Amino acid sequence: MKKFSSGVAVDFFETLDSTSLEAKRRAAAGEKGPRWFIAENQTAGYGRRARAWTQATGDFSGSLLLNPETTRDLGQISFVVALAVASALDELIKPEKISFKWPNDVLIDGAKAAGILLEHLGPQRSPVLAIGIGVNVVSAPTDVPYEATRLVNHSATTPSPTDLGARIDHHFWVYLKDWRTNGFANIRELWLSRARGIGDKITVRLPDGEHAGVFDGLDENGALILRSGEEKRIISAGDVYFGMV
């Protein structure tokens, strides 16, 4: 059994329908993790809102099956994951190139390079998480509403999926320990220090339509604060576009 340096088991697949679907299958069979599933190729990868996630051989697609050992504010773990992905990329490119787009994208030079999907499995009183991560290493989609980029455009080093997974795993446990021990405050500040668009005009697309205003930061739970004049709107989920669209 292959393990990362953290001791967490990792299963590597040349081809898989979806690492997140594999995590769900393992959870349904009673496994709680932690355990990584990494695929060199996916035939049915997906992201938020069931959008297709396409990849080329060499891109990173992985899911971590995790028993969070708590039921509190599990959505905040997406910020923990974002920090882990950014820290892994810091080892490969200039850190100032990397920023965050709320709620779960990692950007390089303002273009999307990685996405995160958090799925709750099992009963609410004893949840298990499937944490899906996709990183554009050697390819980037063009038919997307937000500009995307790939790591090889910015780095002289092209990490293998296993190598990048090991880097992400290392940083994830550091930030998760911080979150478990100290709560969300430090994670929130670290995320905000690299957030794109704070104080700028943005548009947030929600099921009930589009809402424009100024990105005024995050509340204490990780929700986006959208300010329009004297009014502030708290948004827990949505698609952000910079500027007015």
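The values are calculated or read from the model by the stated rules, or taken from the named source; none is laboratory data. Predicted model only: the values in this text are computed from it and were never measured. Heads up, the Cβs are rebuilt from the backbone with ideal geometry, glycines too, and the neighbour counts pull from every protein chain shown.
Among the residues of region 199-213, those that are surrounded by fewer than 17 Cβ atoms within 10 Å (Cβ to Cβ), closer than 15 Å to Asp239 by Cα and not acidic (Asp, Glu) comprise Lys201, Arg205, Leu206, Pro207, Gly209, His211, Ala212.
Condition (residue is among the basic types (Lys, Arg) and in a strand (DSSP E or B)) applied to region 95-103: is it met by at least one residue? Yes, some residue in region 95-103 is among the basic types (Lys, Arg) and in a strand (DSSP E or B).
Considering only residues that are more than 25 Å from Glu22 (Cα to Cα) and of a type in the set (A, V, I, L, M, F, W, C), which ones fall in region 87-117? Selection gives Leu89, Leu92, Ile93, Ile98, Phe100, Trp102, Leu107, Ile108, Ala111. Inspect region 163-184 for any residue being exposed (fewer than 14 other Cβ atoms within 10 Å of the Cβ) and part of a loop (DSSP other than H, G, I, E, B) and give the result as yes or no. Within region 163-184, not a single residue is exposed (fewer than 14 other Cβ atoms within 10 Å of the Cβ) and part of a loop (DSSP other than H, G, I, E, B).
The single residue among Ile93, Ile77 that is farther than 14 Å from Glu119 by Cα, surrounded by 16 or more Cβ atoms within 10 Å (Cβ to Cβ) and of a type in the set (Val, Ile, Thr) turns out to be Ile93. Quick check on region 24-31. Is at least one of its residues under 13 Å from Gly165 (Cα atoms), assigned by TED's automatic domain parsing to the domain that holds Val128 and basic (Lys, Arg)? There is no residue in region 24-31 that is under 13 Å from Gly165 (Cα atoms), assigned by TED's automatic domain parsing to the domain that holds Val128 and basic (Lys, Arg).
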